[in-house]
Amino acid sequence: AGLIAGGAHPSPAPHADVISTTTHKTLRGPRGAMLLSREEHAKAIDKAVFPGLQGGPHNQTTAAIAVSLHEAAQPSFRVYAHAVVANAVALAEALLARGFDLVSGGTDNHLILMDLTPKDVPGKVAAKALDRAGIVVNYNTVPYDPRKPFDPSGVRIGTPSLTSRGLGTQHMAAVADWIDRGVTAARTGDEDQLAKIRGEVAELMAAFPAPGLPTD
C-alpha cells in the first residue's frame, strides 16, 4: 500500500472492485488492515465485517491509521516510497554479486526473497543468526521448497525500515556484506563473527536513529 500511495508501484484501484491491505509495513502505520471498495459494495462489506466478524474497535489504532494516511499524502512520502524500491534493487544487485540465489532474479518492489539452499544453511538458522548480528529478516518458504514452512529454505528481506532511518543506495553494499558474512557465520556457528557484525551495524546505525524513538 505504501508503494502505491507513493507512486512507486502500479495501483489496482482502476481494475479491482475490492482491495485489502495492511496498514503497517510500507505504509508505516500501526498493525492493522483496511478494506477499500467501490461504493456499490461498501454497505455489504461494512455489514459483513462489523458486527458480523469484528467488534471492539481500537480507537487509538484508528487514530494512528489516520496519521499514517496523512503522512502518505505528503510529497515527502513519494520520495520515501521511491527510495524503498531503489534501495531494494541496489541491495538485490549487491546480494547477487555475492553469489546469493534470489527468487525471480531480483526485485521491483520492497521485498527480496533469497533461497539459501546453495549456501547450505536453512532459512530459520540464518534468520536467527542475522538477528543476533543486528539484522532483522524473516525466514520464508521459497517456490517448491522441500523444507517445512516453519523451517524453510529461504529468508525474506525488506527495505522500508532502513529507508525510513535514512539509508540510501550507497549503503546497500555494506548491508549485503553483513548479510553475506552473517549467513556464512550461521553455517559455521561463528558467534564471534556475528558479534563483530553487530558492532559494525550499531556503529553505522548510530548516525541514523529510528524516527520517533528516543536516541539516548
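Every number in this text was worked out from the coordinates using simple rules, so none of it is lab data. Values in this document were obtained by computation on a predicted structure and should not be read as measured data. Backbone-built Cβ (ideal geometry, glycine too); neighbour counts: all protein chains shown.
A few notes on this one:
- TYR80 meets the stated requirement of being touching a residue at least 60 places away in the same chain (Cβ under 8 Å) and among the hydroxyl-bearing types (Ser, Thr, Tyr).
Let's see how each residue does on (1) surrounded by fewer than 18 Cβ atoms within 10 Å (Cβ to Cβ); (2) closer than 29 Å to LEU27 by Cβ; (3) under 15 Å from the mean Cα position of the chain (by Cα); (4) not β-branched (Val, Ile, Thr):
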residue: LEU113; (1), (2), (3), (4): no, yes, yes, yes
residue: PRO118; (1), (2), (3), (4): yes, no, no, yes
residue: LYS124; (1), (2), (3), (4): no, yes, no, yes
residue: ARG147; (1), (2), (3), (4): yes, no, no, yes
residue: ASP151; (1), (2), (3), (4): yes, no, no, yes
residue: PRO160; (1), (2), (3), (4): no, yes, yes, yes
residue: THR163; (1), (2), (3), (4): no, yes, yes, no
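- THR23 being under 20 Å from ALA5 (Cβ atoms), under 21 Å from the mean Cα position of the chain (by Cα) and not hydrophobic (A, V, I, L, M, F, W, C): yes
- For SER161, the test of being closer than 19 Å to ALA83 by Cα and small (Gly, Ala, Ser) is passed.
- Any hit, region 132-147, residues being over 25 Å from ASP108 (Cα atoms), basic (Lys, Arg) and part of a helix (DSSP H, G or I): yes
- Residue tally, condition over 20 Å from ILE157 (Cβ atoms) and either acidic (Asp, Glu) or exposed (fewer than 13 other Cβ atoms within 10 Å of the Cβ) (or both), over region 183-208: 9
- Summed over region 1-51, the residues that are surrounded by 12 or more Cβ atoms within 10 Å (Cβ to Cβ), of a type in the set (A, V, I, L, M) and in a loop (DSSP other than H, G, I, E, B) give a count of 3.
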